[in-house]
Each structure stands twice: as C-alpha cells, then as structure tokens.
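Written out below as structure tokens is the structure these notes cover.
The values are calculated or read from the model by the stated rules, or taken from the named source; none is laboratory data. In this text the structure is predicted, and so the values were computed from the model without any measurement. Neighbour counts run over all protein chains shown; Cβ positions are idealised from the backbone, glycine included. All accessible areas refer to the heavy atoms of the entire protein, side chains included, with ligands and DNA or RNA removed. Shrake-Rupley method; radii C 1.70, N 1.55, O 1.52, S 1.80 Å.
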Amino acid sequence: SQTIHQWPATLVQPVGSPLSLECTVEGTSNPNLYWYRQAAGRGLQLLFYSVGIGQISSEVPQNLSASRPQDRQFILSSKKLLLSDSGFYLCAWSRFQGPSYEQYFGPGTRLTVT
Amino acid sequence: SQQGEEDPQALSIQEGENATMNCSYKTSINNLQWYRQNSGRGLVHLILIRSNEREKHSGRLRVTLDTSKKSSSLLITASRAADTASYFCATATTGGFKTIFGAGTRLFVKA
C-alpha cells in the first residue's frame, strides 16, 4: 500500500529564517506531487506541482520554492520566511497515468512564522 | 477565483439527521471529487464522480452531479458525531491533471 510522510508536524520559525519541509511517498512510482497551503478555516491553495524528477510548476509567485530531487521526494523551501507564510502546508500525490485523479494527502505541517 | 465553491460555508445538525452540501464550479470538468478534513489533519478522499455520471453512492454518502448547472451535491445520511469535519469539493479540469479545491463546508454534528 502507499503511504505519504511529511515532516515536521509543527514548526515555529522567525521572520527571515530559512525553511525546508519534506514530503516522501512510499509504495508507488512516478507520482504527481503537490504542495498546498491552507490558511486557517479556508480552502487549499495550490503552490507547486511536479510530474517528474526536476520538473516543478509554480502556481503562485512568492518567496517559496520547490524541488524534486528524487522520484518520491518533494521539498518546499524558502530562503527568508515572511509572516504571511504562516499556514498549514499539505503535500499530496496522485497517480501519473489513468483516469483517476484522486489525491492522497499527508498529515500536514503547521508553520507559524513569528 | 477557486473553481469549486461550496455552500453553505457552515452547517450544524443533530446526530441522525441528513447533511447536504452543495458545490458549484465554472468550467468544463473531467471529474468532481469530495474530500473530508478533520481539524488539523490532511484531507481524505471520499468519492469521485466523472463528468458522464449523474449519481454515485458510497456507504452513507450520495453524490450527484449536474453538468448543465455546473453543480454537485454531497448528501450524508444518518449523520454521526464522527462526521464532524470540513468537506471540500474539488474539480479536475478537462485535459488537465491539477485538482482545484473549493473553500469547504464546515459540518458540525451534535450528539
């Protein structure tokens, strides 16, 4: 079976500090990978998606970046955090091919920028 | 703006009652999905309905899709306190592989 891991679960970082959130998927190959951000009580904002190693598409221009160094690893980074980067960050994967578009989510990382 | 928009934003019902949530979208879709999110957790996929389907069931869940009105509804029958969560609709556009999520309906089921 497939599993998706995210870490850390919670993070408190000062403004201007760097960020690295990691997501890994097990039990599948060549997944589509996604990073979302969710503000409190709101829906999901798609930040980045990737269809393969080294292939990253950005949905929202901002001070965040994403990388996919391995097939099942997706990293969200920032060189200098802003207060507005606070939120709940969710990683998800979906199957690369086929008619199904279900996404499978990780447990999320709660980021507070102080 | 978001592709999917849920209505109502919040819903409070008694245990045993049915809960109905609606979703509207704007463009042609390949499929529409419903997800549940418990507070502080990741989303869990509930059900997917394809654009050529009109109704789908899964346990206590019933989803309808009206592509002419660009709308969908999620019915949870005989609700339980454990159904308390936020429910999101999400659409996969025709020819795309991204899924766009709405803002969600917060359901509270009182025991």
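Among the residues making up segment B:3-18, a single one is more than 10 Å from chain A (Cβ to nearest Cβ) and surrounded by 21 or more Cβ atoms within 10 Å (Cβ to Cβ): B:Gln3. Of all residue pairs spaced 6 or more apart or on separate chains, those with beta-carbon atoms under 7 Å, a first member in segment B:15-40 that is under 19 Å from A:Gly41 (Cβ atoms) and a second member that is in a loop (DSSP other than H, G, I, E, B) are B:Ala19/B:Ser79; B:Cys23/B:Gly4; B:Cys23/B:Gly102.
The lone criterion from (1) farther than 23 Å from B:Ala90 by Cβ; (2) within 12 Å of the chain's Cα centre (by Cα) left unmet by A:Arg37 is number (1).
Within the span defined as segment A:87-102, every residue fails to be open to solvent by 40 Å² or more (accessible area, probe 1.4 Å), out of contact with any helix residue (DSSP H, G or I) (no Cβ under 9 Å at 6 or more places or on another chain) and modelled with pLDDT of 90 or more. Restrict the check to segment A:1-9 and report whether at least one residue is closer than 18 Å to B:Thr99 by Cα and open to solvent by 40 Å² or more (accessible area, probe 1.4 Å). So far as segment A:1-9 goes, no, none of its residues is closer than 18 Å to B:Thr99 by Cα and open to solvent by 40 Å² or more (accessible area, probe 1.4 Å). Checking B:Arg54, B:Arg62, B:Arg41, B:Arg50 one by one, the residue that is closer than 30 Å to A:Trp7 by Cα, open to solvent by 50 Å² or more (accessible area, probe 1.4 Å) and either over 12 Å from the mean Cα position of the chain (by Cα) or more than 13 Å from chain A (Cβ to nearest Cβ) (or both) is B:Arg41 and no other.
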